Amino acid sequence: MTSPRSPFLSWTFLVPLVAVVVLALGWGRTLPPLFVGVVTVLLAGAVLAAVHHAEVVAHRVGEPYGSLVLAVAVTVIEVALIVTLMIAGAGAAETLARDTVFAAVILTSNGIVGLSILAGTRRGSAVTFNAEGAGAALATVATLSTLCMVVPNFTTSTPGPVFSPAQLAFAAITSLALYGLFVALQTGTHRDYFLPVTSDGTIIDDDEHATLPSMNATLTSLALLLVALVGVVGNAKLVSPTIERGVAAAGFPLSVVGVIIAILILSPETVAALRAAQRGRMQISLNLAFGSAMASIGLTIPTIAVASIWLPVPLHLGLDGMHIVLLALTCIVTVLTVVPGRATLLQAGVHLALLAAYLFLAISP
């Protein structure tokens with residue numbers, strides 16, 4: 001009889017570890033082209049491994065906790081990277097947090113939502129979800145986005161798109177409070193708002209009858225999830241100099257680099273959301289999309305508010321006029337998408353058109 005294969009020989013176990021080892025070897029160095037290719041392959045493998053381990057954890061803890069684990073884990077690592085780069089005074093450090101958070105909002109609200117609806121309607125049918133849960137998440141994202149990235153342009157205590165210290169503290173406390181309130185709602189008495197539903201509104205709770213993974217397997221997957229996400233975010237930063245050179249050679253604005261890095265960092269949530277949509281679990285896709293946007297704002301702003309004490313550059317949070325228009329249009333369109341509790345291929349097309357506009361204007365502002 002053939003002995004069962006050890007889980008320690010699985011690619012989902014080995015790839016995250018190798019990705020982190022390569023990250024440690026390459027951090028702070030100029031990488032040769034062959035090494036960049038290896039890092040890129042490991043980055044893609046770490047994304048798939050992160051999604052696998054997130055699904056194991058989600059199976060054990062149930063929804064919406066599973067979506068919350070992935071969204072918060074990747075955001076915490078992303079925030080640590082942002083703060084590290086800002087303290088180091090990296091290029092365009094004063095706008096790094098703003099650009100990253102705004103990219104997360106647009107990429108999740110238009111990219112992940114649009115692609116998930118597209119995946120869910122591939123057979124021509126409409127996708128269904130819980131309008132109460134999606135609407136509550138969208139309202140929180142819209143409020144946080146406006147408060148933290150639009151209001152700074154209209155305050156008078158300090159010139160330009162900058163909060164005064166008191167205003168930044170208020171924005172940080174409000175962001176953290178709203179995010180905490182939403183998580184309490186999502187995981188508490190209104191948990192059913194964030195569970196998948198059928199076309200007739202019946203709640204689908206996959207965890208009621210499914211065989212759960214063991215506690216040891218869950219803890220192992222949780223640890224490997226964190227390792228994989230470190231590999232994703234860190235290796236995305238590792239290849240950024242190569243991306244910067246390519247962007248400069250193409251004559252594109254330097255801000256395009258931030259967009260590309262944000263796409264790489266958000267790839268685990270994107271893959272997980274698409275897989276959920278293909279299984280008819282559109283609510284999970286929306287949980288991942290809006291949860292990632294909300295965590296990006298709700299965790300980044302408080303963190304950089306504290307870090308601003310040591311930052312060597314002023315902190316610019318206010319968006320320019322073009323991006324304010326894109327944010328407003330995204331909020332309006334997303335409201336019209338989530339309120340009916342159903343979406344068709346047309347809604348997917350509208351969201352993807354907004355995503356395309358954002359990407360195109362990043363290249364040609």
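The values are calculated or read from the model by the stated rules, or taken from the named source; none is laboratory data. If you're wondering where the values come from, they're calculated on a predicted model, not measured in any experiment. As a convention, Cβ positions derive from the backbone with ideal geometry for all residues, glycine included, and neighbour counts pool all protein chains shown.
From the list Ala73, Ala90, exactly one residue is surrounded by fewer than 15 Cβ atoms within 10 Å (Cβ to Cβ) and either part of a loop (DSSP other than H, G, I, E, B) or at pLDDT 75 or above (or both). Which is it?
Ala90
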What are the residue pairs meeting all of these: first residue in region 354-365, first residue more than 19 Å from Glu244 (Cβ to Cβ) and free of Cβ contacts under 8 Å to residues at least 60 places away in the same chain, second residue among the hydrophobic types (A, V, I, L, M, F, W, C) and in a helix (DSSP H, G or I), Cβ atoms under 9 Å, and 6 or more apart or on different chains? Ala357/Leu326; Ala357/Leu329; Leu361/Met322; Leu361/Leu326
When every residue in region 271-282 that is at pLDDT below 90 and within 12 Å of the chain's Cα centre (by Cα) is compared, the one surrounded by the most Cβ atoms within 10 Å (Cβ to Cβ) is Ala272
Tell me which residues, restricted to region 159-186, are on the phi < 0 side of the Ramachandran plot, outside any helix (DSSP H, G or I) and touching a residue at least 60 places away in the same chain (Cβ under 8 Å). Pro161, Val162, Phe163
Just one of the numbered conditions (1) without any contact (Cβ under 8 Å) to a residue 12 or more places away in the chain; (2) within 27 Å of Thr202 (Cα to Cα); (3) not charged (D, E, K, R) is not true of Thr156; which one? (2)
Selected residue (only one of Gly258, Gly234 is in contact with a helix residue (DSSP H, G or I) (Cβ under 6 Å, 6 or more places away or on another chain), crowded, with 18+ Cβ neighbours inside 10 Å and farther than 29 Å from Arg60 by Cα): Gly258
Cross-chain or 6+ apart pairs with Cβ under 8 Å, region 22-45 first and in contact (Cβ under 8 Å) with a residue 24 or more places away in the chain and more than 16 Å from Ala228 (Cα to Cα), then surrounded by fewer than 16 Cβ atoms within 10 Å (Cβ to Cβ) and not polar (S, T, N, Q): Thr30/Pro241; Leu31/Pro241
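Please find, among Ser285, Ser364, Ser267, the residue that is of a type in the set (Ser, Thr, Tyr), within 28 Å of Lys237 (Cβ to Cβ) and buried (at least 22 other Cβ atoms within 10 Å of the Cβ).
Working: Ser364 fails: buried (at least 22 other Cβ atoms within 10 Å of the Cβ); Ser267 fails: buried (at least 22 other Cβ atoms within 10 Å of the Cβ).
Matching residue, one of Ser285, Ser364, Ser267: Ser285.
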Top-ranked residue of region 191-211 - restricted to ones that are under 17 Å from Arg60 (Cβ atoms) and in a loop (DSSP other than H, G, I, E, B), ranked as modelled with the lowest pLDDT: His209
Against the condition touching a residue at least 60 places away in the same chain (Cβ under 8 Å), of a type outside the set (Val, Ile, Thr), in contact with a Leu (Cβ under 9 Å, 6 or more places away or on another chain) and over 28 Å from Val162 (Cβ atoms), how does Gln278 come out, does it pass? no
Of the numbered conditions (1) assigned to a loop (DSSP other than H, G, I, E, B); (2) surrounded by fewer than 18 Cβ atoms within 10 Å (Cβ to Cβ); (3) modelled with pLDDT of 85 or more, Leu317 satisfies every one except a single condition; which is it? (2)
Count of residues meeting criterion [buried (at least 16 other Cβ atoms within 10 Å of the Cβ) and assigned to a loop (DSSP other than H, G, I, E, B)] in region 320-358: 2
